[in-house]
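*Asks:* Provided herewith is a single structure, encoded as structure tokens, for subsequent inquiry.
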Amino acid sequence: FDMFVLAFVERLFRSTYKKDDIVLGKKLGEGSFGSVYRVSLAKKTSSKGGDLVLKRATEYGAVEIWMNERVRRACANSCADFLYGFLESSSKKGAEYWLLWRFEGKATLADLMQSREFPYNVEALILGEVQDLPKGLDRENRIIQTIMGQLLFALDGLHSTGIVHRDIKPQNIIFSEGSRTFKIIDLGAAADLRVGINYIPKEFLLDPRYAAPEQYIMSTQTPSAPSAPVATALSPVLWQLNLPDRFDIYSVGLIFLQMAFPGLRSDNSLIQFNRQLKRCDYDLVSWRQTVEPRAGPELRKGFEMLDLDGGIGWELLTSMVRFKARQRISAKTALAHPYFGREGLLALSFIQ
Ligand code: ADP
Ligand code: MG
């Protein structure tokens, strides 16, 4: 009851927005289910200044609003700061859902990883200044540890809330200039298993480059989407049985891999890697055995980094990128992995 009252009071005092308040700016993205713009608020309404981001969504807008509202209350720091969502029916193209977030920053992890300066460009963003220190494997390793720590921390927040993202990729991770941390965006393909929202997996929403090999997030033996009250009672059990969160872990593992190996950062090389891994029955160890003997300097440098400190980086990577979902590490367990021991935690504390 208290939660209900709180939610109601919060609603009453929260700013709401409508179409006329919003001044469109630059287009930031165009997906098959909507477009994203940088926007500002018309003068009279801008009590709080600053730029916002608007998504005009069609089909999955309602789900995305639901997910963002959940995240706002349960794990606000995991995702971009959501302000408001509404159904805009006066548009010529038919009804659209309009979603507003705070503009978190200019760069996604994909943008940052494309730069030759990666991961030093991220270090400069996190620390707020360029470090005048010699470059080297140890320093790069520490930066990548910090990024991985932030990604797993955000993901653990979502998973603990009962949300599986299902579209984790560098393009859906934004660097928040305000908090100097990475945050997750784009909950359009997410599933909230505790209440059965978007329970039935929509494979076509998933990005094949980062998707785990299991085609269905829940086993096909799972009964069809339960109605809300039943799902609330059932789903913790289903969660234990099917470990749907491990789908995201696989995707984050691929991001870890791309950060360690510059040669795997382009779309084409990732697609090629996926083919190689499939041929190795999704066994990273045998993938390594096939590529390492004829590896060029870039690939060798990646293995060298993951082999630091007794190979704890490689150990963590191989516990994320595994064929069987139940053999993959959870976000929470990964955060306690020795990879984040001492130095990693120290690096993470820079941003708190
Ligand atoms: P979609 O992938 O469905 O087009 P996203 O939610 O991923 O929509 O947003 C598209 C792009 O817009 C992102 O890749 C990012 O560059 C930018 N973007 C989205 N949300 C924000 C935000 N809160 N702050 C800054 N940029 C954002
Ligand atoms: Mg996206």
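*Asks:* Enter the accessible area of SER179 (Å², nearest 10), with the probe set to 1.4 Å and all protein chains included.
*Replies:* Near enough 50 Å² of accessible area.
*Asks:* Take peptides 168-174, 293-299, 307-313 and line them up by average Cβ neighbours within 10 Å, highest first, as a rough protection proxy.
*Replies:* Details: 168-174: 23.0, 293-299: 10.9, 307-313: 15.7.
Those peptides, ordered most packed to least, come out 168-174, 307-313, 293-299.
*Asks:* Calculate the spin-label point distance for SER269 paired with ARG294, positioning each point 7 Å from the Cα along the beta-carbon direction, and give it in nanometres.
*Replies:* So the two model labels end up 1.7 nm from each other.
*Asks:* Hey, if you put +1 on the Cβ of every Lys and Arg and -1 on every Asp and Glu Cβ in segment 69-133, which of LEU133, TYR97, MET113 ends up farthest toward the positive end of that dipole?
*Replies:* Of the listed residues, the answer is TYR97.
*Asks:* Explain nothing, just the number: dipole magnitude of segment 271-318 about its Cα centre with +1 on each Lys and Arg Cβ and -1 on each Asp and Glu Cβ, in debye rounded to the nearest 20. Please list the in-between numbers first.
*Replies:* Values: 7 positive and 8 negative charges, 71 e Å.
Here segment 271-318 has a charge dipole of around 340 debye.
*Asks:* Quick one: which of LYS26/LYS92; LYS43/LYS93; LYS26/LYS301; LYS135/LYS332; LYS278/LYS301; LYS27/LYS324 span more than 29 angstrom between C-alpha atoms? Write down the numbers at each step before the final one.
*Replies:* Working: LYS26/LYS92 21 Å; LYS43/LYS93 27 Å; LYS26/LYS301 39 Å; LYS135/LYS332 31 Å; LYS278/LYS301 23 Å; LYS27/LYS324 39 Å.
LYS26/LYS301; LYS135/LYS332; LYS27/LYS324, as the Cα separations exceed 29 Å there.
*Asks:* Remind me, what semi-axes does segment 270-332 give for its equivalent ellipsoid, largest first in whole Å, using sqrt of 5 times each Cα gyration tensor eigenvalue? Mind dumping the intermediate values first?
*Replies:* On the way: eigenvalues 77, 58, 15 Å².
One finds semi-axes of 20, 17, 9 Å for segment 270-332.
*Asks:* What accessible area per residue comes out for segment 106-147, rounded to a whole number of Å², with a 1.4 Å probe?
*Replies:* Details: 2230 Å² over 42 residues.
Solvent-accessible surface per residue comes out at 53 Å².
*Asks:* Under unit Cβ charges (Lys, Arg +1; Asp, Glu -1), what dipole magnitude, rounded to 20 debye, does segment 80-214 have relative to its Cα centre?
*Replies:* Details: 15 positive and 19 negative charges, 40 e Å.
Its charge dipole is roughly 200 debye.
*Asks:* Another question, then. With just the Cα atoms defining each centre, how far is segment 49-107 from segment 119-139? Give it in Å.
*Replies:* First find each Cα centre; the distance between them is then 33 Å.
*Asks:* Just grab the label-to-label distance for ARG326 and GLU30, each label 7 Å out from Cα along the Cβ direction, in nm (one decimal).
*Replies:* 4.6 nm
The values are calculated or read from the model by the stated rules, or taken from the named source; none is laboratory data. Computed from a predicted structure; not experimentally measured. Glycine also receives a Cβ, built like all others from the backbone with ideal geometry; neighbour counts cover every protein chain displayed. Side chains are part of the model used for accessible areas, which takes the heavy atoms of the whole protein and leaves out ligands, DNA and RNA. Shrake-Rupley method; radii C 1.70, N 1.55, O 1.52, S 1.80 Å.
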